[in-house]
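Working notes, beginning with the structure itself.
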Amino acid sequence: MDPAARYRALTNSSELPWLWVDGRITPADAPALRVDQGLLRGDGCFESGLVHDGTVRALDRHLDRLLTSVVALGLVAPAHRDALQTDLTSGLHSLLAATPGLAAREAIVRMTVTAQSRLIQLLPLTQRQLDRRQGLHLWTIPEPRGESLVHRHKTLGWTANAVWSRLHPAGHDPVFEGLWLDPGGQVLEGTTSSIFIVERQGPRTTVLTPALTRAILAGTSRARVIGSLRDHGLDVVETDLPFARLVQASEVFATSATLPVAPILTVDGRPLRGQPSSDGAEVYKLAERLVG
Ligand SMILES: Cc1ncc(COP(=O)(O)O)c(C=O)c1O
């Protein structure tokens with residue numbers, strides 16, 4: 001596929017017909033953004049959520065993460081947080097109301113905030129995004145990632161995530177996910193997802209995921225999966241997770257708002273080494289049923 005087509009496939013550039021910019025609904029193909037230093041420099045934050053049955057799934061979690069980030073990164077003064085929340089919520093509702101047929105289809109909502117602009121888009125799910133729900137091949141990104149405040153937020157400085165979602169270490173594969181490790185070989189997260197592993201010892205099943213003490217994004221689906229698996233009685237541990245433990249796991253799965261739960265089929269080209277459960281009951285399917 002030529003690079004431009006590949007870029008379009010990865011970035012969903014064919015948009016649903018309307019977007020909301022700073023209080024106005026406008027056709028998505030009309031010039032709408034003024035020159036914005038935040039957008040030009042990648043100095044802003046965004047959220048991606050799933051529109052399902054006409055509403056945004058886990059909207060409160062997405063709004064809370066976005067507002068927390070823009071205040072934490074100094075883009076918006078704490079005193080303006082509530083006004084921004086009101087603005088985005090009403091913008092979102094008017095955009096959903098202005099878009100016909102949403103109740104019958106899934107879509108992605110993307111909210112972007114810089115110091116100067118607020119933008120809400122509705123985007124179709126690409127075929128690649130739909131295919132990813134069936135399973136992902138995980139590849140370790142060849143450069144480890146160190147600690148940085150920005151990794152805890154969904155910033156517009158998204159180049160590394162975009163590049164490692166595009167450059168496949170073994171050449172090609174539409175359903176791969178880059179895996180970030182830290183310099184000490186601890187699992188951090190996928191380029192667009194949070195990572196869980198399942199360990200089985202006799203009758204005991206433990207689900208593990210990297211703790212938020214690491215510089216990773218506090219995934220909205222990560223929180224929903226942890227909460228619902230625990231409510232279901234499973235042992236879920238947020239901890240340090242060495243890569244060696246991931247490859248030995250019985251099961252690995254990734255979560256994100258758009259997946260929302262997808263099994264990892266191979267790691268660096270090899271199947272997982274752990275024992276699958278004897279009764280074939282997979283934790284990712286349970287998680288999917290609980291949050292999907
Ligand atoms: C780096 C990274 N980690 C984790 C996630 C999962 O976050 P969420 O579950 O809120 O979609 C994403 C989603 O885009 C991401 O980009």
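Read-outs throughout are calculated quantities, based only on the coordinates presented, and are distinct from any laboratory measurement. Small disclaimer: the values here were computed from a predicted structure and weren't measured. Reconstructed Cβ throughout: ideal geometry from the backbone, glycine too, with neighbour counts over all protein chains shown.
If I take the Cα coordinates of the range 114-195 and project them onto the principal axes, what are the three extents in Å, biggest first?
Principal-axis extents of the Cα atoms in the range 114-195, largest first: 38, 33, 20 Å.
Along Cα→Cβ, 7 Å out, is where each label goes; now give me the distance between the ones at His93 and Ser278 in nm to one decimal.
The answer from the label model is 5.4 nm.
Report, in debye and to the nearest 20, how large the dipole of the chain comes out about its Cα centre when Lys and Arg carry +1 and Asp and Glu carry -1 on their Cβ.
The dipole of the chain has a size of about 100 debye.
Using θ = phi - 60° and the Karplus relation 6.51 cos²θ - 1.76 cosθ + 1.60, list the HN-Hα couplings for the range 203-208 in order, rounded to whole Hz, with x at every Gly or Pro.
x, 8, 10, 10, 9, 10
Mean separation of Cα pairs under 8 Å and 6+ residues apart, divided by the residue count of the chain: what relative contact order is that in percent?
Dividing the mean separation by the residue count of the chain yields 18 percent.
Given 4 °C and 1.567 mPa s, compute D for the range 206-292 with the Stokes-Einstein relation, Rh being the Kirkwood radius over Cα pairs; round to the nearest whole µm²/s.
96
For every other residue with a beta carbon closer than 12 angstrom to the beta carbon of Val51, add +1 if it is Lys or Arg and -1 if Asp or Glu, then tell me the sum. List each step's numbers first, then the result.
Numbers: positive: Arg57, Arg105, Arg110; negative: Asp53, Glu106.
Net of charged neighbours comes to +1.
Would you please state which residues of the range 250-271 a label at His168 would reach in this model, taking the label point 7 Å out along Cα→Cβ and a backbone N cut-off of under 18 Å?
Hits in the range 250-271 for His168 at 18 Å: 263-271.
By how many nm would the segment from Leu234 to Gln127 lengthen if fully extended, with 0.36 nm per residue of separation less the alpha-carbon distance? If you can, show how the numbers build up before the last one.
Working: separation 107, 0.36 × 107 = 38.52 nm, distance 3.30 nm.
So the chain would gain 35.2 nm between Leu234 and Gln127.
Using the alpha-carbon centroid of each, what span in Å lies between the range 127-188 and the range 218-292?
Cα centroid to Cα centroid, the span is 17 Å.
Which order, highest average first, do 145-158, 213-226 follow once you tally other Cβ atoms within 10 Å for each residue and take the mean per peptide?
Most protected by this proxy first, the peptides run 213-226, 145-158.
Rounded to the nearest 5, what % of the DSSP beta bridges within the range 93-199 are antiparallel ones?
On the way: 9 of 13 bridges.
Approximately 70 percent, going by the DSSP bridge assignments.
Rg to Rh ratio, the range 192-245, alpha-carbon atoms and Kirkwood radius?
0.96
In whole Å and largest first, what semi-axes does the C-alpha gyration tensor of the chain yield when each eigenvalue is scaled by 5 and square-rooted?
Working through the eigenvalues yields semi-axes of 32, 20, 20 Å.
What FRET efficiency comes out for Ile25 versus Trp158 if R0 is 30 angstrom and r is the Cβ-Cβ distance? Round to the nearest 0.05.
0.75
Between Ala218 and Ala32, take the C-beta separation as r, use R0 = 25 Å, and let me know the FRET efficiency to the nearest 0.05.
0.25
Taking the Cα centre of the range 33-131 as origin, sum charge times position over the Cβ atoms of Lys and Arg (+1) and Asp and Glu (-1), and report the length of that vector in debye to the nearest 20.
Charge dipole of the range 33-131: 160 debye, to the nearest 20.
Label-point separation (nm) for Arg289 and Ala211, each offset 7 Å from Cα along Cα-to-Cβ?
Reported label-point gap for Arg289 and Ala211 is 3.2 nm.
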